[in-house]
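Data block below; observations after.
Where a number appears in this text, it was derived from the coordinates with a stated rule and is not lab data. Only a predicted model underlies this, so the values are computations on that prediction, with no experimental measurement involved. Counting neighbours? That spans all protein chains shown, and the Cβs are built from the backbone with ideal geometry, glycine included.
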Amino acid sequence: MPLAESLSLDLAMARVGFGRYAAYPIASAAGIFTNVVFGLMRGSILLALFAQRERIGAYDASATLTYVWLTQGLLNVVAMWGWQDLAIRVRTGDIATDLIRPIHPLRAALAADYGRAAYQLLVRAVPPILVGIVIFRTSLPPSPVAWLAFAVSLTLAIAVSLGFRFVYNVAAFWTTDHRGAMILALVVMSVFSGFTIPIQFFPPWLAAIASATPFPSMIQTPVDVWIGALSGSSLVGALVAQLAWAAALLGLSYGLFARGTRRLVIQGG
Amino acid sequence: MPIIEVEHVEKEFTVRRPLGRLRRERVRVRAVVDLTFAIERASIVGYIGPNGAGKSTTVKMLTGILVPTRGRISVAGLVPTRQRMRLAGKIGVMFGQRVQLWWDLPLVESFDLLRHVYRVPADRHRENLLRFRDLLELDPFLNTPVRQLSLGQRIRGELTAAMLHDPEIVFLDEPTIGLDVIAKQRVREFLLQANRDRGVTVLLTTHDLADIERLCSRVLILDRGRLIYDGDVPSLKSRFGKERVLVVDLEETAPPLRLAGARVVRVEGPRQWIAFDGDRTSAAELTGAVAAQAPLRDLTVEEPEIEDVVRRIYEEQPE
């Protein structure tokens, strides 16, 4: 398929992903409100840590506040609270209609997810981040290079997240109830991604475990890029790690989906 | 060369059945048994049978989302399960019970996305969509989100989505289900026109036998996984539906008439329903015989309903 045609398909798919979320503006407004309230709570709890000490790793009180408002914004961009579109399509059998399209469902899901993420970034992420900047004087990326690095890192974070979500959704091919797997996945993701508290606040052994997983690539890495905790070779290393996790998880998704499909087409829906 | 070829195809499923409290037995169920048929390009074929006869299983095998246990299938020159994605561009599928449009989006946006998915050139897409809008009267709800469409509107949208990319073959599962009389008529005319003007091959499953009578040049009847009839509608009727009914209105209420080669099946006041074998007795002979016994006011002849025909075929099959 020529590149231009291929790109326009991905763009069209992304527009659909965007439009599906844009169709529910009231839900978005309620979500923004919730995100801001939780941002206030998380901010005051985490600030208490700095009554006793100046800094924890790269984080001082100001960086921690930036972290809070940034993660409150990004949590929807990387779908922290889960995504089960694919699992539901498998369970209801609607997946059959995806299989008779001349586009691979993983590619369709990835393209649509970038559309979804673009909507969440504009509508759900910008307001909490602005609240942080305007009310709490949180900081912005220090340089144009940092901005660019943040954009790259966030783009990769979305792919890592989709790869991970696709894997636990594919479980629906083998189990009648995928939600158990999903809830377990979400708990692990919210802790090890550095969403609950920064990974630098973990005891070293737990931080070491977290760094061996793909989860920091979803939240911690883009946040560290924003606050300037990563630069030079550590920045490049972090971005390469994100790219590697994205490739690994999307590859795993592809393989598992092929196995699930084979099971479906041999045994029936 | 036929566009669809099915040779000795079988599909078995393994079903687990509880056996006592803990043990379960695995049972092989044959959903389709030794199925063989071929469909020529540009024909409209009805695929009918009671629930669970194996119709959807067949359509799934033809579209590549189910692998046959045995046998050979070729659709548009491709092996469906091995070349599913290539085949996908050449076929259109509509499952009556499934939503293929994007639920949260206006109808027209689903169509636009499908243009990219099937790589239809923009002007071709515009031209096709214009034709569908006209034939299926889509304009009043083109910008309505799919979740807000009525069933009839959604079915018309689904039909458009299945055919917008000029597929060579369309598989339609219950394309007129839940539609009112006018909408049904519109859909049927649309399918006839697509078949006539563009040579689209149509395989449709339906419980609505009027669909079969109006659309299909050929019918395949499936029962418990086996093909029990393959032929045209008139010979189906003459083979299984020779019995016609003469309805007579007599001047006065009378006891059931006694007629050679015919029997009264129902009496309601002065009206009587007389069943007769159309091959052995003509309606004119029978009318004469009735008039000789009682003064006649009016009469009509009822042709066999295809429902009755099909019911009789099912009943005739040995268990």
Nitroxide proxy distance, nm - points 7 Å out along Cα→Cβ at B:ARG82 and A:ALA151: 4.7
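Above 34 angstrom, tally the Cα pairs of the protein assembly as shown and express them as a % of all pairs, no decimals.
Working: 95257 of 172578 pairs.
Roughly 55 percent, rounded to a whole number.
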For chain B, built as a Gaussian network whose Cα springs stay under 10 Å, the top-fluctuating residue of B:VAL108, B:VAL187, B:VAL267: B:VAL267
Mean Cα-pair separation over length for region A:50-199, i.e. relative contact order, pairs under 8 Å, 6 or more apart, %: 37
Long-range amide H partners of B:TYR47 with built H, under 5 Å: B:LEU204, B:THR205, B:THR206, B:LEU220
Gyration tensor (Cα) of region B:168-243, equivalent ellipsoid semi-axes in angstrom: 22, 15, 13
Nearest-ten-degree value, helix B:283-293 long axis tilted from longest Cα axis of chain B: 30
Low-density loop positions, trypsin sites (Lys or Arg not before Pro), region B:237-319 - DSSP coil, at most 11 other Cβ in 10 Å: B:ARG258, B:ARG280
Where labels lie 7 Å past Cα in the beta-carbon direction, separation of A:ALA258 and B:VAL264 in nm: 7.5
Distance from region B:75-104 to region A:99-167 (C-alpha centre basis), Å: 32
Under the span-like rule (Cα at least 27 Å along the axis, Kyte-Doolittle mean at least 0.0), DSSP H helices of chain A: A:3-22, A:25-48, A:144-170, A:232-267
Pairs of Cα atoms farther than 26 Å apart, region A:3-262, %: 41
Percent of Cα-Cα distances greater than 36 Å, calculated over chain B: 35
Cβ-defined net charge surrounding B:ARG271, 12 Å radius [Lys, Arg +1; Asp, Glu -1]: -3
Restricting region B:53-154 to GluC sites (Glu not before Pro) in coil, as DSSP defines it, with at most 16 other Cβ within 10 Å: B:GLU137
Residue (of A:LEU186, A:SER8, A:PHE136) at the positive-pole extreme of region A:3-262, dipole from beta-carbon charges: A:LEU186
Coordinate range along principal axes, alpha carbons of region A:1-145, Å, largest first: 61, 36, 28
Residue among B:GLY152, B:GLY64, B:GLY225 with the largest mean-square fluctuation in a Gaussian network model of chain B, springs linking Cα atoms under 10 Å: B:GLY152
Cut-off 18 Å, label 7 Å out along Cα→Cβ of A:VAL236, residues of region A:152-168 by amide N: A:152-153
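As an exercise, identify the chymotrypsin sites (Phe, Trp or Tyr not before Pro) in region A:6-115 lying in DSSP coil whose Cβ has no more than 14 other Cβ atoms within 10 Å.
A:TRP81
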In range of the label at B:ARG28: residues from region B:43-79 whose backbone nitrogen is under 20 Å from the point 7 Å along Cα→Cβ: B:54, B:57-58, B:61, B:66-73
Cα-projected label distance for B:ARG98 with B:GLN193, points at 7 Å along beta-carbon direction, nm: 2.8
Helix-only mean residue ellipticity at 222 nm for the protein assembly as shown, each DSSP H run of n ≥ 4 adding -39500 (n - 2.57), per residue, nearest 500: -16500 deg cm²/dmol
Principal axis box of region A:155-264, alpha-carbon based, largest edge first, Å: 47, 24, 21
For chain B, built as a Gaussian network whose Cα springs stay under 10 Å, the top-fluctuating residue of B:HIS116, B:HIS125, B:HIS207: B:HIS116
Estimated FRET transfer efficiency when R0 is 30 angstrom, pair A:THR92-A:THR213 (beta carbons, to 0.05): 0.45
Volume in Å³ per residue [convex hull over Cα atoms, computed for region B:76-157]: 112
Added length on full extension, which subtracts the Cα-Cα distance from 0.36 nm per residue, B:GLN185 to B:ARG312: 43.0 nm
Cα-based helix-to-principal-axis angle, B:107-117 vs chain B, degrees rounded to 10: 60
